[in-house]
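The values are calculated or read from the model by the stated rules, or taken from the named source; none is laboratory data. These numbers come from a predicted model, not from an experiment. Cβ: placed from backbone, ideal geometry, glycine included. Neighbour counts: every protein chain shown. What goes into the accessible areas is simple: the full protein's heavy atoms, side chains included, and nothing from ligands, DNA or RNA. Shrake-Rupley method; radii C 1.70, N 1.55, O 1.52, S 1.80 Å.
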Amino acid sequence: MTVDIVTIFPAMIAQPLAAGIVGRAIERGTLDVKVHDLRDFTTDRHRVVDDVPYGGGPGMVLKPDPIFRALDAIAAERGAPLTVIMTSPQGRRFTQAEAERLAGLEHLVLLCGRYEGFDERVRERVTEELSIGDYVLTGGELPALVVLDAVARFVPGVVGDEQSVAQDTFSRGLLNHPQYTRPPEIEVRRVRGVLEVLEVLKVPEVLTSGNHAEIRRWRKREALSRTLERRPDLLDAASLDEEEEQLLRELKGASHERD
Ligand code: 9D3
């Protein structure tokens, strides 16, 4: 998959992409990310990318010309119609389902907004507009990285373990169960009232029992109780098996008794 990213802060994109799973995928050539500096598509001496809004008001607007030229250059190189995604607070909410859908495309352009946003005429060339959530950021660079990261995980060969992609929280519709690793016990200092006591934190015995049927059941119960406690909204859409439905009924019964 190839992703072209257009931004006025190329360093903000390039540096994070060098690290981690996505960085390795780029090194291997599984993923191709091209970062374009919008200023390279200006024609004036001062490489100006923004201007005052018509009608007045605070802030600046991204000029349409450099963006059209950047998209023309990318389209010329691809020789095919572009899928252009604009990051913007007015966009539809980006979700895991969107990530999976976009990963099916061979090529994507991500346009990063800044200032008060884009000249409206840029939308002429935009396929879709995405927001990553209801909070105010300073620009579209972090959202573009979020979108790319979530999409990249679905590209075959990017994540080593395909199973971990399929079993992921939002693909399965449940939160993950707790995880433990060695050592089996750790000591922590804890203040209890006026006393400092040593407490031993143990790994749940079932996990070291070697009883794999019991382990699977414990993990299901933990995943369900966490989801019920923290994200009950996810349970509406989750697809549960027979055993999970039964565990959930038990957990709901137990929580009613506590109330
Ligand atoms: C102070 C400016 N705001 C006036 C009402 C509008 C505004 C314009 C541009 C607010 C934020 C931004 C910059 N944000 C993005 O470009 C952005 C974003 C976000 O802020 N939150 C969640 N998703 C996204 S995607 C792009």
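If you find the alpha carbon centre of segment 195-211 and of segment 1-57, how far apart are they in angstrom?
48
Given a Förster distance of 51 angstrom, what is the FRET efficiency for V203 paired with Y115, based on the Cβ-Cβ distance and rounded to 0.05?
Approximately 0.50, to the nearest 0.05.
Under the Karplus relation 6.51 cos²θ - 1.76 cosθ + 1.60, θ = phi - 60°, what is the ordered set of whole-Hz ³J(HN,Hα) values for segment 85-92, x standing for Gly and Pro?
In residue order, the calculated couplings are 10, 9, 7, 7, x, 8, x, 5 Hz.
Quickly work out the R39-to-R249 label distance, labels modelled 7 Å from Cα along the C-beta direction, and quote it in nm with one decimal.
Here the modelled spin labels are 6.5 nm apart.
Which one, D32, D233, D65, has the greatest fluctuation when you compute a Gaussian network model over the chain with C-alpha springs under 10 angstrom?
D233
Determine how large the accessible area of I8 is when every protein chain is in place; take a 1.4 Å probe and give Å² rounded to the nearest 10.
We get 10 Å² for I8.
Between G193, G117, G59, which gets the highest mean-square fluctuation from a Gaussian network model of the chain, Cα cutoff 10 Å?
G193
Could you tell me the ratio Rg/Rh of segment 73-218? Both radii from Cα atoms, Rh via Kirkwood.
Details: Rg = 22.9 Å, Rh = 19.5 Å.
So for segment 73-218, dividing Rg by the Kirkwood Rh gives 1.18.
Given a 1.4 Å probe, how much area per residue of segment 81-151 is accessible, in Å²?
50
For A18 and I186 in the same chain, what is the full-extension length gain: residue separation times 0.36 nm, less their Cα-Cα distance, in nm? If you can, show how the numbers build up before the last one.
Details: separation 168, 0.36 × 168 = 60.48 nm, distance 3.51 nm.
That pair, A18 and I186, stretches by 57.0 nm at full extension.
Take every DSSP beta bridge with both residues inside segment 80-226 and express the antiparallel ones as a percent of the total, to the nearest 5.
In segment 80-226, DSSP labels about 45 percent of beta bridges as antiparallel.
Take the Cα radius of gyration of segment 1-124 and divide it by 2.2 N^0.38 Å, with N its residue count; two decimals is plenty.
Rg over 2.2 N^0.38 Å, computed on Cα atoms: 1.12.
Given C-alpha coordinates of the chain, what is the ratio Rg to Rh with the Kirkwood estimate of Rh?
A ratio of 1.10.
Quick one: which of 67-79, 124-136 comes out on top by average Cβ neighbours within 10 Å, and what's the full order, highest first? Each step should come with its number before you reach the end.
Details: 67-79: 15.3, 124-136: 13.7.
Most protected by this proxy first, the peptides run 67-79, 124-136.
For a quick protection proxy, order the peptides 176-183, 155-162, 33-40 by their average other-Cβ count within 10 Å, most packed first. Intermediate results must be reported in sequence, preceding the final value.
Details: 176-183: 10.5, 155-162: 13.6, 33-40: 17.4.
In descending order of packing, they fall as 33-40, 155-162, 176-183.
Can you give me the % of accessible surface on segment 1-92 that is carbon or sulfur? Probe 1.4 Å, all protein chains present, nothing else counted. Can you show the working numbers first?
On the way: 2780 of 5070 Å².
Accessible surface attributable to carbon and sulfur in segment 1-92 totals 55 percent.
Cα to Cα, under 17 Å, and not fewer than 8 places away if on the same chain: which aspartates and glutamates meet these conditions relative to K34?
In chain and number order, the partners are D4, D72, E77, E106, E141, D149.
With an 8 Å Cα cut-off and a minimum separation of 6 or more residues, compute the relative contact order for segment 99-216 in percent. Working shown, then result.
Details: 72 pairs, mean separation 21.1, N = 118.
RCO, segment 99-216: 18 percent.
According to a simple spin-label model (label point 7 Å from Cα along Cα-to-Cβ), what is the distance in nm between E162 and N211?
Inter-label distance under the simple model: 3.4 nm.
Cross-link partners among lysines for K252, C-alpha distance below 23 Å, same-chain residues fewer than 8 apart left out?
Correct list for K252: K220.
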